[in-house]
Amino acid sequence: MNPARIAFAFGAVFAASIALSLVHPWGNPRLGVQPNAPLLEGSVVPEDVRHVLATKCADCHSESTYFPAYTRLAPASWLIERDVHEGRSYLNMSQWQHYNLQSQVDLLTRIASEARGGQMPLKQYLILHPQARLSPQEQQLIYDWAKAERKRIRKQLAGPPDRSLADEGIKTP
């Protein structure tokens, strides 16, 4: 094959990739986000758990997504944008305070289940990001935290305990 034709073909593919990068089939996840929004605002998260969630889960499940250079060119950009869009639609830790308490309980149940079962991070994500793999200790850490936080929120949902009149020092006939 002619080297000039090969160079032209590569140039055409590169130009097409740049042009197609302007198309965002699932929306552009880089727009309208607050990259410095705190994770899980309003929840009680120990620092060691927060660190694991920030380093291993936040790329897909928050607005603090790091987009490497290769994510700017189609079709890689489409795959990454789809994954980030789907991850945020299931759980966006940057928007935690906007979920109602029952939704938070449901999400914590899923977090605990998926972390303990090794379902997260997704296998295709781990191919390019092996450092995101959760160790058994990290899985247990997330599971224990999610369980404790779910219990705390359920207490909030139940409201303050009913206090009897006797507890108030009021005599009843």
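Within segment 141-157, does at least one residue satisfy the condition of being assigned to a helix (DSSP H, G or I), within 24 Å of N36 (Cα to Cα) and at pLDDT below 90? Within segment 141-157 (the criterion being assigned to a helix (DSSP H, G or I), within 24 Å of N36 (Cα to Cα) and at pLDDT below 90), the answer is no, since none of the residues qualifies.
Report, by residue number, each residue of segment 34-68 that is assigned to a helix (DSSP H, G or I), closer than 17 Å to Y90 by Cβ and in contact (Cβ under 8 Å) with a residue 40 or more places away in the chain.
Narrowing segment 34-68 to residues assigned to a helix (DSSP H, G or I): 47-56, 58-61.
Remaining after also requiring closer than 17 Å to Y90 by Cβ: 53, 56, 58-61.
Passing the criteria: L53, K56, D59, C60.
When the residues of segment 95-117 are filtered to those that are open to solvent by 20 Å² or more (accessible area, probe 1.4 Å) and within 19 Å of T55 (Cβ to Cβ), the one that is farthest from the chain's Cα centre (by Cα) is R116. Look at segment 121-137: where a residue is assigned to a helix (DSSP H, G or I) and a partner is open to solvent by 80 Å² or more (accessible area, probe 1.4 Å), sitting 6+ places away or on another chain with Cβ atoms under 7 Å, you get L126/R133.
Please enumerate the residues belonging to segment 77-94 that are in a helix (DSSP H, G or I) and surrounded by 16 or more Cβ atoms within 10 Å (Cβ to Cβ). S77, W78, I80, E81, D83, V84, H85, G87, R88, M93, S94 - these are the residues of segment 77-94 that are in a helix (DSSP H, G or I) and surrounded by 16 or more Cβ atoms within 10 Å (Cβ to Cβ).
The values are calculated or read from the model by the stated rules, or taken from the named source; none is laboratory data. Model, not experiment: these values are computed from the prediction. We place every Cβ from the backbone using ideal geometry, glycine too, and count neighbours over all the protein chains shown. Calculation scope for accessible area: heavy atoms of the full protein, side chains included, ligands and nucleic acids excluded. Shrake-Rupley method; radii C 1.70, N 1.55, O 1.52, S 1.80 Å.
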